[in-house]
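The values are calculated or read from the model by the stated rules, or taken from the named source; none is laboratory data. Predicted model only: the values in this text are computed from it and were never measured. No Cβ is skipped: glycine too gets one built from the backbone with ideal geometry, and neighbour counts run over all protein chains shown. To get the accessible areas, we keep the full protein, side chains included, count just its heavy atoms, and leave off ligands, DNA and RNA. Shrake-Rupley method; radii C 1.70, N 1.55, O 1.52, S 1.80 Å.
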Amino acid sequence: MADDPRPLVSVLVPVRDGESHLTACLDSLFRQTLGRIEIVVVDDGSMDETVPLLQAAARRDPRLRVLLQPPEGLVQALNRGLESCRAPLIARMDADDLCAPDRLQLQLEHLNRHPETGLVSCRVAHLGDHTTAGYARHVDWLNSLISEREIRNGRFIDAPLAHPSVMFRRSVLDRHGGWRDGMFPEDHELWLRWLDAGVRMEKLPQCLLCWRDSPERLSRRDPRYSAEAFAVLKLPWLLRELERVRAGRVLISWGAGRESRKRLRGVLLDGWIEIHPGRVGQRILGAPVVHRDSLPAPDRAFVLLNVGRVGAREEIMPRLAAAGYRDGLDCLAIA
C-alpha cells in the first residue's frame with residue numbers, strides 16, 4: 001500500500017507586507033524535522049515584494065501553497081487559509097516569527113500521546129530590538145503558564161497563549177467554531193470560547209518560537225487590542241464562569257481603584273477589599289469597602305483578584321492560598 005500523501009500538519013500563515021522577515025520565517029518552516037507538512041500562506045493584499053518572494057519560495061519547496069486575497073484583514077485571511085488546510089492538525093505561525101526545527105514534531109507527538117488534549121502551545125522567546133518592558137513582562141507571564149490548570153486560570157488576566165505558537169486539532173475548530181471578526185482580539189476570543197466549551201489546552205516547557213515585537217504589530221496600533229476591548233471581551237465569559245463556581249458565596253473584588261471598577265462594570269459585588277486605610281468603611285456601588293484582614297473564609301466568599309499594579313498579583317495570591325483559597329475554585333485573577 002502506498003504511503004498516505006496527505007500532510008500530518010497544516011501550518012497556517014497570514015501575511016501582509018511581510019518582505020522584511022518572510023524568507024527567514026519560511027526557512028524555519030522548511031527546516032522542520034517533521035517532513036509531512038504543508039505551509040498555507042495567505043497574502044492579504046500586500047503592496048511590497050511579499051508575493052514575488054512567496055511565489056519563488058513555492059517553486060523551491062512544493063509544500064508551500066500560496067493564496068492571494070485583497071486586503072480584507074487578519075480574520076478573513078485566517079479563515080480563507082483554513083478552507084485550504086488538509087491536515088487533521090493546524091499549526092499557526094506569523095510571517096515575522098521563527099520556530100525551532102523540532103517545534104512541529106514535538107507538538108504533534110504531544111497531541112498523539114494525549115488524545116484528550118485539543119490544543120498545545122509552547123514557550124516563546126523575544127525576537128527583535130523593539131522589545132519593551134511591558135512586552136517582556138507579558139512574555140515572562142505567558143511562559144509561566146504551562147499546565148492545563150494554569151492556562152485555564154490565567155485566561156481572564158490576558159490571552160494565555162501566543163497565537164503563532166499553537167497547534168490544535170481540526171476537529172476542535174469544527175466543533176466549536178473558528179476565528180470571529182469584531183472589536184476584540186481574535187485570538188483571545190477563540191481561547192475564551194474554547195476553554196468555556198471545555199477544550200483542554202497545554203503548553204510544552206520548551207521554547208520553540210521566537211516571537212517578534214515590532215511597532216507594526218496589530219496589537220500595538222489596532223483598537224481591537226486595547227485594554228478596553230480586552231475588558232469588554234472578557235466580562236461575559238467571566239460571568240459564565242462565576243455561575244459555575246460561585247456556589248452562592250458572596251462575591252468580593254480584591255482591588256477597588258478606578259481601573260478595577262471599570263473591569264467589573266455591571267457586576268453585582270458584595271464587597272471590595274482595599275488596603276488604603278482612607279477607603280475602608282466607604283461604599284462603592286452599594287457594596288462596602290473592607291480591609292484585607294476582614295476577608296471571609298473561602299466557604300463563604302469568592303474573590304476576584306482585581307489589582308493591575310505590577311507585582312501585586314504575585315504578592316496577593318500567597319495570602320489567598322494561606323487563607324485556604326484555591327485558584328480557579330475559590331478565587332480568580334482578572335488583572
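Model label sites at THR33 and ASP196, defined 7 Å from Cα along the beta-carbon direction, differ in position by 3.9 nm. Computing Rg and the Kirkwood Rh from the Cα coordinates of region 141-266 gives a ratio, Rg/Rh, of 0.96. Taken over region 242-302, the percentage of Cα pairs per 5 Å bin, counting from 0 up to the bin with the maximum distance, is 4, 19, 30, 25, 17, 4, 1. Set the Cα radius of gyration of region 27-158 against 2.2 N^0.38 Å, with N its number of residues, and you get 1.18.
When every Cα-Cα distance of region 180-335 is counted in 10 angstrom steps from zero, the calculated P(r) takes the values 9, 33, 36, 17, 5, 0 percent.
Rounded to 0.05, the FRET efficiency of the ILE275 and GLN55 pair, given R0 = 51 Å and the Cβ-Cβ distance, is 0.25. Note that region 114-169, at 10 °C in a medium of 1.306 mPa s, gets a Stokes-Einstein diffusion coefficient of 130 µm²/s from its Kirkwood radius over C-alpha pairs. Subtracting the Cα-Cα distance of LEU67 and HIS291 from their residue separation scaled by 0.36 nm leaves 74.8 nm. Counting only Cβ charges, +1 for Lys and Arg and -1 for Asp and Glu, the dipole size of region 1-106 around its Cα centre is about 460 debye. Each Lys or Arg adds one and each Asp or Glu subtracts one; over the other residues with Cβ under 13 Å from the Cβ of ARG300, this totals -1. In the context of the full set of protein chains, region 159-254 has a per residue accessible area of 41 Å² (1.4 Å probe). For region 88-233, the relative contact order comes to 40 percent (Cα pairs under 8 Å, sequence separation of at least 6).
Selection among SER165, GLY257, GLY286 by position relative to the dipole of region 155-300 gives GLY286 as farthest towards the positive end (Cβ unit charges, Cα centre). The structure-derived value of Cα extents along the principal axes in Å appears in the list (1) 71, 45, 29; (2) 66, 45, 43; (3) 78, 44, 37 under the label (1). Each of the peptides 98-104, 39-45 was scored by the mean count of other Cβ atoms within 10 Å over its residues; in descending order, highest first, they stand as 39-45, 98-104. Across the chain, the relative contact order, built from alpha-carbon pairs under 8 Å that are at least six residues apart, equals 15 percent. Over all other residues within a Cβ to Cβ distance under 11 Å of GLY118, the charged ones net out to +1, with Lys and Arg as +1 and Asp and Glu as -1. In this simple spin-label model, placing a label point 7 Å from the Cα along the Cα-to-Cβ direction at both ASN143 and HIS110 gives a separation of 1.5 nm.
Surface composition of the chain: carbon and sulfur atoms hold 53% of the protein heavy-atom accessible area at a 1.4 Å probe. For the chain, a simple Cβ point-charge model (Lys and Arg +1, Asp and Glu -1, everything else neutral) yields a dipole of about 1100 debye relative to the Cα centre.
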